[in-house]
Each structure stands twice: as C-alpha cells, then as structure tokens.
Amino acid sequence: MSVVTRIARSRAAQESLGFLGASYLKLVRGTNRFTLDPPGAYDWLSPLRPFIIAMWHGQHLLVPFMRRPEDRAATMVSRSFDGGVNTAVLERMGVRVIRGSGARRASDIWAKGGVQALRGCLKALEDGENVAFSADVPKVSRRCGEGIVMLARLSGRPVVPTAVVTSRYLQFDSWDRASLGLPFGRGVMAFGEPITVARDLDAGGIEAARLRIEADLDAVHARAFAQVGRTDPVLTGRRTSTR
C-alpha cells in the first residue's frame, strides 16, 4: 500500500472528508425549499416510531434531512473506505452508524459484518431508534434484497419507503446510480405507506414483501421527482434501455 493510499485511508483523512461532506449537505439542506409529500407526514409517522426507513442506495445522501432534532436514527454502513467517510458524514448529521453490510452470497455475510450489523439494527429498533436501511442487493441498483424484509420480520417494525430529492442534482454513473443534490433549488421529502411484514411468512410471502418494497420505493421516488418537475433518472434509463 502506497503512502498516499495509507494517508487517504487514515482516520484523520476520513474525518476531514466527513466534515467537508456534512458541511456541503447542510448547505444543500439550507438553500433548498423542502416540502413534505404527503403534507403533514410527520403527524402519522411519529406514532409509528421506531420504524425502518427504506431507501435506495443511490439516493441515500439526502435521507438524513428527514431527521428532526427530536428523532433518534441509526443506519448500517459498510466497512469499506467509502463507508468510513460516510460514517464521518452521517455522525455529523446526527445519525448513529452501525458498521457492516449485506452480501449477495450467504458465505460472505460474516466477512462483511452483515450478521453483527443486522443484530445492531434490531437492537437500535428495540431501543427506540428509527433505522435507515438501503434496500438494494449489494452492487445491484434498485433491486430489493431480502435483508430489509428480514429486519422487518424479526423486529416487527413497519417499513416506510422514502425518497429525498432536489430539483438540481448531479447524476453519477456508479453502480447505484447515485445522485447528489445541488444548492439553490426545490426539494421534496416523500414517504410511502408503511409496510408490515409478518414473522411467519413462507418463501412466497417473503418474495411478495420484497417485491412490494421494491415497487413502493420506485413509486415514491417517481412521485418525489415529479413534485420538483423532474423524472426519476434511473427509471427513465430503464425505460430507454428496454426499448
């Protein structure tokens, strides 16, 4: 490992990048006019607490904006270098971080800390914290995995599909089709209907729950983008590629 790489991976470098990242996101939050969709969403969300905030990985950067000062929130972040920077950002945004990530193969879960992280998410919900959870299968954008279904089954807490978007943003050609909001525009924090997952579901029921979360997440993103006069760039790309 080169000296430059060691410096980049150091805690000091991650903290510095985290400070810059959080400062930028606070600028975006402060210079966009955000509305709730539906209006008054917090009135019916508050009695649901603690709940699972379902999000697509590529749209996760603005999700901390949903947290009000009185809300306690945690999320799972990978053990990678990027995860270290994300951790530093999120902690400055008032979100507690649980390190670990899912895996496409069951044999990889222990190495990635997925089992420990799932236990951490369950403990957070038991302690009254909302848990933000990326629904995607690792490295597969916009395809819901079973991880979020498992968390909902074991915890008994509802899943709330969410989207936070801005009218001005940068779109990246990354695996998760990530977007980064820009300052000085309009924004929407959108919420879908809560989804309850029964503990005694069979394989067919688990698949149905997975598909519903996936469809509702796409729907809430489409609705949020429409509110700011845009179309969801990922869904638009899907339609283009299937023509």
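The values are calculated or read from the model by the stated rules, or taken from the named source; none is laboratory data. Bear in mind that the values here come from a model prediction, so they are computed numbers and not experimental data. Counting neighbours? That spans all protein chains shown, and the Cβs are built from the backbone with ideal geometry, glycine included. Protein only, heavy atoms only, side chains kept; ligands, DNA and RNA dropped before computing areas. Shrake-Rupley method; radii C 1.70, N 1.55, O 1.52, S 1.80 Å.
What tally of residues in the range 36-55 results from selecting those that are within 18 Å of HIS221 (Cβ to Cβ) and in contact with a strand residue (DSSP E or B) (Cβ under 6 Å, 6 or more places away or on another chain)?
Of the residues in that region, 7 qualify.
Take the residues in the range 136-174 that are surrounded by fewer than 16 Cβ atoms within 10 Å (Cβ to Cβ) and in contact with a strand residue (DSSP E or B) (Cβ under 6 Å, 6 or more places away or on another chain), then tell me which one is farthest from ASP200 (Cα to Cα).
Restricting to residues being surrounded by fewer than 16 Cβ atoms within 10 Å (Cβ to Cβ) and in contact with a strand residue (DSSP E or B) (Cβ under 6 Å, 6 or more places away or on another chain), the top hit is LEU170.
Restricting attention to the range 50-102, and to residues there that are of a type in the set (Asp, Glu) and assigned to a loop (DSSP other than H, G, I, E, B), which single residue is most open to solvent (accessible area, probe 1.4 Å)?
Narrowing the range 50-102 to residues of a type in the set (Asp, Glu): 70-71, 82, 91.
Next, only the ones that are assigned to a loop (DSSP other than H, G, I, E, B) stay: 70-71.
Values: GLU70: 112, ASP71: 15 Å².
Per the stated criteria, the residue is GLU70.
Among the residues of the range 112-135, how many are surrounded by fewer than 16 Cβ atoms within 10 Å (Cβ to Cβ) and at pLDDT below 95?
3
When you look at LEU27, is it of a type in the set (A, V, I, L, M) and surrounded by 15 or more Cβ atoms within 10 Å (Cβ to Cβ), yes or no?
For LEU27, the condition - of a type in the set (A, V, I, L, M) and surrounded by 15 or more Cβ atoms within 10 Å (Cβ to Cβ) - is not met.
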